[in-house]
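The values are calculated or read from the model by the stated rules, or taken from the named source; none is laboratory data. All of these numbers come straight from a predicted model, not from anything done at the bench. Heads up, the Cβs are rebuilt from the backbone with ideal geometry, glycines too, and the neighbour counts pull from every protein chain shown. SASA here: full protein model, heavy atoms, side chains in, ligands and nucleic acids out. Shrake-Rupley method; radii C 1.70, N 1.55, O 1.52, S 1.80 Å.
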Amino acid sequence: MTGRKDSPTPKMLPYFDPDYENFNQRINSPRVCIDNTTCTDCTLVKVDSMNKNGILLEVLQVLSDLDLHIFKAYITSDGGWFMDVFHVVDKQGQKITDDKTIKYIEEALGPESNLLCPKGSNSHGRSVGLHSIGDHTAIELKGPDRTGLLSEIFAVLADLQCNVLAAEVWTHRMRVACIVYVNDVATGQAIDDPGRVSTIENRLRHVLRVYGGGGGDDDGSGAHANFTDASSTPHHLDRRLHQLMHADVDAVHGDGDDGAGAGAPVAAGGEGDRPEVKVEHCEEKSYSVVNVKCKDRSKLLFDIVCTLTDMEYVVFHAAVSSEANYGIQELYIRRKDGKTLLKDEAEKVVRCLEAAISRRVSEGFTLEVCGRDRVGLLSDVTRVLREHGLTVSRADVTTAGGQATNVFYVRDPSGQPVDMKTVEGLRGQFGQTAMLNVKNVSVPAAVARAPETRSGGMVRSSFFSFGSLFAKLRA
């Protein structure tokens, strides 16, 4: 006997299979059905899966990225299961028959998708054509808008040897939010040199602040220019633009007011086109009920759900319909803690939804410029628009295979119809170097031909209300 004390036996911990956490997701994987037989004039997209926070927004992102118009939908996700039915048509108002589109939906929402993966891991986010532009750097801009601002921004980028590969611009109530994807002209690579990044950011901030006459970072204009890691950001492009505009008005106007108080400009089209948004309380099931009625358009449901999700509210049930070019939506929501909205919360939801709906409303006409991509092209195009006194309310810039497609929503800053002489002047200046296509902004074909708006010339009233159902169940 040596008297040596034996070392204690190490405590054995139970073994857990690392895949066990996802076991329930694997046996209850998402299912998607593309139904072209039930309805003669639309396609039904049926999705059912385990429920998770944010899953409705992810489904809507996939459908909106394909420019599918949702004119009717039934959504329910109370409990552990998520079941949705969407009635959709394409941009021409027709059923979805393209095999590639159907396959994409099945892959994006079906068993092999990332629909149930942790937040931010879904790889199907829209990136304005970035699949074809290679190495790039993203720049986020927000601040006060003015006529000619876009021209100045693109001129600065061209002067600093930044090639614009893609961009999307939104404006609303004299504010602008923009995401621009650039690379270095000389190398074709992303711009990551700290000194150069700082120079570009400072120049862009100066352009954004000029309108307010401020000089410092606290000039009150809310001007912001920031480089982001475009390869790692989990945000869907449209969602990020909503976030930028919401954060911008929060900082400038306070409490998400979006400048919509007394004396503020109303949504495009005048007071009569302003969205009707109401928030009520459903005593039967302890929900807050959001009712929306506004001019129908593509991506309307996405914009509403996106705003509610980013405000930390959960949509449990929803019914969506379209009648006579108007969208009608009824959404049953709660806070993440399961409680209904307080009065001040409800008022803020109304203001924020009105703003989110109005941001995509455009008037005037669309100007599509297609041509061979080159450094400074956007600077030249937007300079011509500025010289003709036109205001850009939205812009979508993409490049693919060396070809640039630039779509601008433009209008007369006075609110008057654009003079056709101006249009012909634009044709004369662009006709030598690029193909120009001009269209009046009108009701999209998908909305005008939505099945709910035609049935032997009569409008069909078939809106399903969860509120009526709950009342019947209670009785």
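Think of a 1.4 Å ball rolled over the protein heavy atoms: region 365-440 then has 50 Å² of accessible area per residue. Ignoring ligands, DNA and RNA, what percent of the accessible area of region 276-359 is carbon or sulfur (1.4 Å)? Looking at region 276-359 in its full context, I get 44 percent from C and S.
Find out how many positive minus negative residues lie around residue 421, taking Lys and Arg as positive, Asp and Glu as negative, among other residues whose Cβ is under 13 Å from that of residue 421. Once all neighbours under 13 Å are counted, the net charge is -2.
The residues packed around residue 161, meaning those with a beta-carbon under 11 Å from its beta-carbon, carry a net charge of -1 if Lys and Arg are +1 and Asp and Glu are -1. With q set to 0.31 Å⁻¹, the log10 of I(q)/I(0) for region 370-414, from the Debye formula over equal scatterers at the Cα positions, is -1.15. Amide hydrogen proximity for residue 114: with H placed 1.01 Å from N in the peptide plane, the residues at 5 or more positions away or on another chain lying under 5 Å are 123. For residue 72, go through the lysines and keep the ones whose alpha-carbon is under 19 Å away, minus same-chain ones fewer than eight residues off. Here the lysines satisfying the reach criterion relative to residue 72 are 46, 91, 95, 293, 295, 299.
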